[in-house]
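First comes the structure, then the notes that go with it.
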Amino acid sequence: MIIAIDGPAAAGKGTLAQNLAKHFHYAFLDTGRLYRAVGYAVLQAGKDPSDESAATREAKSFDPKSINKILSNPALRDEATGNAASKVAVIPAVRSALLDLQRNFAKEPFFEDGTPAKGAVLDGRDIGTVVCPDADVKFFVTASAEVRADRRFKELQEANKPADYDTILKDIKERDERDSNRATAPLKPAEDAYVLDTSHLNAVQVFQAALDHIAVNHE
Ligand code: CDP
C-alpha cells in the first residue's frame, strides 16, 4: 500500500504524512529532505545551487545505505536550505538521480532501523504524478500562501529562530512559482488526487479528513 502526498511548502504535508504512517504502521519518506540534502551539500561545497554539474554530482553521490543518516541532519530544516533545495530541484539530472532511490523505497519500504514495512507514505511535490503514479491513495495538500507563511513563521518563533513574516511569505511565493513552473515534474495535483485545502483546518482535522477519504474509497 502506497500513500502519496504532494503539495506546496508548509501546507501540512509532513504532519499528515507522519500521522498516516504512524496510524497504519507504514514507513515514511520525506522526499523534500532528499532535495534539501542535495541543496545543503552544494552550499557546503561553496557552490551555487543552480550550478547543474555541482548539484548533479552531489545528487549522484548519495549512498542509499547511509540515507537515514544524511537525512537526519537538523541543518536540512533551515529556510536557506529549503530555498537551495528548490533550486537544485529544477535540474532534471538531479531529479533523475533521486528518482530510483524514491521508487526503490516505495517498492520495498523500510523503517528507520532498516526493518521492512508493508506500506509507505511518501511526501513531496511529484509523488502522485511521477514517482508513484500507481499509488493506492493520493492526496494534494494545499493552503493559501498567507496561511502557510503564518504557519512557518510560528514554527520558527517556537523554535526560537529569527523569523520575519514578510520575508517568509515572499520566499514561499517564490518557491511556489519555481516549483509550479519548472519543466520537469512540476508541482501539480495528480488527476486522481484528493485535494485537501487546509487553510481552515488544524492538523487533527486534516488527519481525520484523510482517514475518512481512505475509509470511503480504499478499504
Ligand atoms: O518542507 P517544505 O514544504 O518547505 O519543502 P520540502 O518538502 O522540504 O521541499 C523542499 C524543496 O524540494 C521544494 O521546494 C521542491 O522544490 C523540492 N522538492 C521537489 O522538487 N520534489 C519533491 N518530491 C520534494 C521536494
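With +1 assigned to the C-beta of every Lys and Arg and -1 to the C-beta of every Asp and Glu, and no other charges, what is the dipole magnitude of the chain about the Cα centre in debye, to the nearest 20?
About 440 debye.
Using the basic label-point model (7 angstrom from Cα toward the beta carbon), what is the Gln208 to Lys22 distance in nanometres?
Taking the two extended label points, one gets 1.7 nm.
Of Pro116, Pro74, Pro186, which has the largest mean-square fluctuation in a 10 Å C-alpha GNM of the chain?
Greatest mean-square fluctuation among the candidates belongs to Pro74.
Give the carbon-plus-sulfur fraction of the accessible surface of the chain in %, rounded to a whole number; probe 1.4 Å, heavy atoms of protein chains only.
Carbon plus sulfur share of accessible area: 51 percent.
If I take the Cα coordinates of the chain and project them onto the principal axes, what are the three extents in Å, biggest first?
50, 39, 33 Å, listed from the longest principal axis down.
Report the dimensions of the range 28-117 along its three principal axes from the alpha-carbon atoms, largest first, rounded to Å.
Here the Cα extents, ordered largest to smallest, are 37, 25, 17 Å.
If His213, His23, His200, His218 are ordered by their accessible area, calculated over protein heavy atoms with a 1.4 Å probe, which sequence runs from highest to lowest?
His200, His23, His218, His213
Can you pull out the trypsin sites (Lys or Arg not before Pro) in the range 36-127 that DSSP calls coil and that have at most 11 other Cβ atoms within 10 Å?
Hits after loop and neighbour filter: Lys118.
Before rounding to the nearest 500, sum -39500 (n - 2.57) across all DSSP H runs of length at least 4 in the chain and divide by the residue total; then give [θ] at 222 nm in deg cm²/dmol.
Theoretical 222 nm ellipticity from helices: -16000 deg cm²/dmol.
The values are calculated or read from the model by the stated rules, or taken from the named source; none is laboratory data. Everything numeric in this text was worked out from a predicted model, so none of it was measured. Cβ: placed from backbone, ideal geometry, glycine included. Neighbour counts: every protein chain shown. To get the accessible areas, we keep the full protein, side chains included, count just its heavy atoms, and leave off ligands, DNA and RNA. Shrake-Rupley method; radii C 1.70, N 1.55, O 1.52, S 1.80 Å.
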